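Asks: Submitted below is the structure of interest, expressed as structure tokens.
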Amino acid sequence: CQRSMDQTRLSAFAGFDVPRGGGTLELDFGKAVPETARIRPFSRVQPVRKGSVWSVRIDRPEQFVMEFSGGGELHVFADPPWEDVPDGPDVIRFKPGVHRPGAIIPKSGTTIVVERGAVVHGNFVLAGVEDVKITGRGIVDGSTLPRIDHGYPGVRYLASCTNRWYSVCGSGPVFAVDGKRLEIEGVTFLDAGRWAMNIVRCDDV
């Protein structure tokens, strides 16, 4: 079942490509600027405050967490530059905006592109497929998916392919079974009901 909100906490995150030569991430809090800020891991160069702005230099792709006095934090995904995929008959593309496709069931040889700025409320069901790639810099959001629902299309499809019921399928952003040469790169999985990636009996992932 879904946990109640008093058993969780909200947390912010930001994702962006690091330009060649690096740059500076600036966070302007206005009048609500926190008194202190720190980065985990502590071995990293720490942020600097000037007035209402906390800033940190980023020279290369990396991931870290900024923690602020008062209990808030920001997860930073400073990504390497992403090379787009040309459109074609075997490309499924989610452009910036909110999408609600539910279960996405690609065939072998498909490339799925989730562009930066796209939020996809759905999941990817890869059953017995080969050479499928999921790439991009967008978000796959599992918060609206059913936790356990044997009537969910992704679960029914997996059952027909494998003669087994996979009750977790409705909640995981990726559920792959009996696949080969699968690639998942660059996307952000948000609010997965159980596991972000469920990989079962697959080769060369």
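Asks: For Ile184, what residues show an amide H to amide H distance below 5 Å, using hydrogens built from the backbone and excluding near sequence neighbours?
Replies: Residues meeting the criterion, in which the H sits 1.01 Å from N, are Ile134.
Asks: So how far apart, in nm, are the two label points at Val53 and Phe29 if each is 7 Å from Cα heading toward Cβ?
Replies: 1.6 nm
Asks: Let me ask you something else. For Arg181, put the label point 7 Å out on the Cα→Cβ axis and report which residues of the stretch 124-146 keep their amide N under 19 Å from it.
Replies: 126-135
Asks: Continuing with the same structure: Give me the percent relative contact order of the chain, please, defined on Cα pairs under 8 angstrom at least 6 residues apart.
Replies: RCO, the chain: 15 percent.
Asks: How many nm separate the modelled label positions at Glu130 and Val98, each set 7 Å beyond the Cα in the direction of the Cβ?
Replies: 4.0 nm
Asks: Of all beta bridges DSSP finds with both residues in the chain, what is the antiparallel percent, to the nearest 5?
Replies: Beta bridges within the chain, antiparallel portion: roughly 30 percent.
Asks: Here's something else I'd like to know. Provide the net charge surrounding Asp141, with neighbours chosen by a C-beta distance below 11 Å and charges set as Lys +1, Arg +1, Asp -1, Glu -1.
Replies: 0
Asks: Per DSSP H run of at least 4 residues, take -39500 (n - 2.57); add these up for the chain, divide by its residues and hand me the 222 nm value, nearest 500 deg cm²/dmol.
Replies: -1500 deg cm²/dmol
Asks: Can you divide the C-alpha Rg of the stretch 45-122 by 2.2 N^0.38 Å and report the result to two decimal places?
Replies: Dividing the Cα radius of gyration by 2.2 N^0.38 Å gives 1.57.
Asks: Tally up the carbon and sulfur contribution to the accessible surface of the stretch 1-65 as a whole percent, 1.4 Å probe, everything protein left in place.
Replies: On the stretch 1-65, the fraction of accessible area on carbon and sulfur atoms equals 53 percent.
Asks: Report the relative contact order of the stretch 1-67, percent, no decimals, based on alpha-carbon pairs under 8 angstrom and at least 6 residues apart.
Replies: Once normalised by length, the contact order is 37 percent.
Asks: Next question. Can you give the angle from 0 to 90° between the axis of helix 153-162 and the longest principal axis of the chain, with both taken from C-alpha atoms, to the nearest 10?
Replies: 50 degrees
Asks: Local charge sum around Gly22 (other residues, Cβ-Cβ under 9 Å, Lys/Arg +1, Asp/Glu -1)?
Replies: Its environment carries a net charge of +2.
Asks: What spacing in nm lies between the two simple spin-label points modelled at Thr144 and Leu190, each 7 Å away from Cα in the Cβ direction?
Replies: Label at Thr144, label at Leu190, 1.2 nm between them.
Asks: Computed FRET efficiency, Cβ-Cβ of Ser43 and Asp6, R0 30 Å: what is it to the nearest 0.05?
Replies: Between Ser43 and Asp6 the formula returns 0.30.
Asks: Right, something else. Give me the net charge for the shell around Gly51: Cβ to Cβ below 12 angstrom, other residues only, Lys and Arg +1, Asp and Glu -1.
Replies: Taking every Cβ under 12 Å from that of Gly51, the sum is +1.
Asks: Can I ask one more? In square angstrom, what is the accessible area per residue of the chain with a 1.4 angstrom probe?
Replies: Solvent-accessible surface per residue comes out at 56 Å².
Asks: Please work out which option in [x] 1.17; [y] 1.00; [z] 1.11 gives Cα Rg over 2.2 N^0.38 Å calculated from these coordinates, and answer with its label.
Replies: Read-out from the structure maps to [x].
Asks: While we're on this one: Can you compute 3J(HN,Hα) from phi for each residue in the stretch 197-204, using the Karplus curve 6.51 cos²θ - 1.76 cosθ + 1.60 with θ = phi - 60°, rounded to whole Hz and x for Gly and Pro?
Replies: 10, 9, 10, 10, 6, 10, 10, 6
Asks: At 1.4 Å probe size, put Arg181, Arg44 in order of accessible surface, largest to smallest.
Replies: Arg181, Arg44
Asks: Considering the dipole of the chain built from charges on the beta carbon (Lys and Arg +1, Asp and Glu -1) around the Cα centre, which of Gly117, Phe16, Pro41 is farthest to its positive end?
Replies: Highest projection toward the positive end goes to Pro41.
The values are calculated or read from the model by the stated rules, or taken from the named source; none is laboratory data. Predicted, not measured: the structure shown is a model, and the values here were computed from it. Please note: Cβ atoms are built from the backbone with ideal geometry, for glycine as well, and neighbour counts cover all protein chains shown. We work out accessible area using only protein heavy atoms, side chains counted, and drop any ligands, DNA or RNA first. Shrake-Rupley method; radii C 1.70, N 1.55, O 1.52, S 1.80 Å.
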